[in-house]
Amino acid sequence: MDIAAESLTPRQAYRLLAGIVVPRPIAWVTTQSANGGTNAAPFSCFTFVCYSPPMIAISVGRKGDDLKDTARNIAERREFVVNIADEALLEPLHQSSVEYPGDVTEVEELGLELLPGRSIACPRLAAAPVALECRLHQTLEFGSLHTQLIVGEVTHFQIRDDLYKDGKIETDKLRPLGRVAGPRYAKLSEFVSMRPTGDTFG
């Protein structure tokens, strides 16, 4: 296929990119609204952007001209938690992407247990094996749809004990989920180890 990007609608471009940039790690983000309710939503445009200090970034689209609940809550509270879901949490993770009415939170609807943050007021998901407490560092907007890239500085790491060894994460024990195109997810089933190349931070 030979496709000019300018010939695509935003939806068509999204469908292509979502099938090409795979698998994508998933940030299961908890935020607090102005009235204190806790929102949980998954975002698969997620990466780390800096490690001194540690910073992560999520890309958040809009609902028409309006901010999504996650983006609005982060703008107001200036903090959030990125929870990492494992394979056991696939069903609630997927269901949390449903657009619930404004007076209903995903946490209540799905019966998700919360635990308080250590360095911020926003709670984390108790079942998540890893949680990154973040304070808002910067928000950038891109494109005609004003998609937001939200960068947060990690202020605290919550890691399940059996996943942590010698300062590293045992990824084969974490078994994180990845997102591919459509309502489909990927599991990490095989790891290939190569000889180190000398990249200290790789």
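Please report the net charge: other residues with Cβ closer than 13 Å to the Cβ of residue 17, K and R +1, D and E -1.
Its environment carries a net charge of +4.
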Computed [θ] at 222 nm, helices only, for the chain once each DSSP H run of length n ≥ 4 contributes -39500 (n - 2.57): -4500 deg cm²/dmol
For residue 67, distant residues with modelled amide H under 5 Å away: none
Aspartates and glutamates with Cα under 19 Å of residue 165, excluding same-chain neighbours fewer than 8 positions away: 86
Computed accessible area, residue 51, all protein chains, 1.4 angstrom probe, square angstrom: 140
Gyration tensor verdict on the stretch 10-75 (Cα atoms; rounded if a/c is under 1.5, prolate if a/b is larger than b/c, oblate otherwise): oblate
Top positive-direction residue, dipole computed over the stretch 1-88 with Cβ charges, set 56, 40, 20: 40
Cα gyration tensor shape of the chain, rounded if a/c is under 1.5, else prolate or oblate by comparing a/b with b/c: rounded
Relative contact order (%) - the chain, alpha-carbon pairs under 8 angstrom, separation at least six: 23
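Leaving out ligands and nucleic acids, note down the accessible area per residue over the stretch 37-128 with a 1.4 angstrom probe, in whole Å².
49
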Charged-residue dipole, Cβ positions (Lys, Arg, Asp, Glu), the stretch 51-202 about Cα centre, Debye nearest 20: 440
10 Å-binned pair-distance histogram of the stretch 65-165 (Cα, whole percent): 13, 41, 37, 8, 0
Anisotropy class of the stretch 144-197 from Cα gyration tensor, a/c 1.5 cut: oblate
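The values are calculated or read from the model by the stated rules, or taken from the named source; none is laboratory data. Computed from a predicted model, the values in this text were never measured in an experiment. Cβ sites come from the backbone with ideal geometry, for glycine too, and all protein chains shown count toward neighbours. Calculation scope for accessible area: heavy atoms of the full protein, side chains included, ligands and nucleic acids excluded. Shrake-Rupley method; radii C 1.70, N 1.55, O 1.52, S 1.80 Å.
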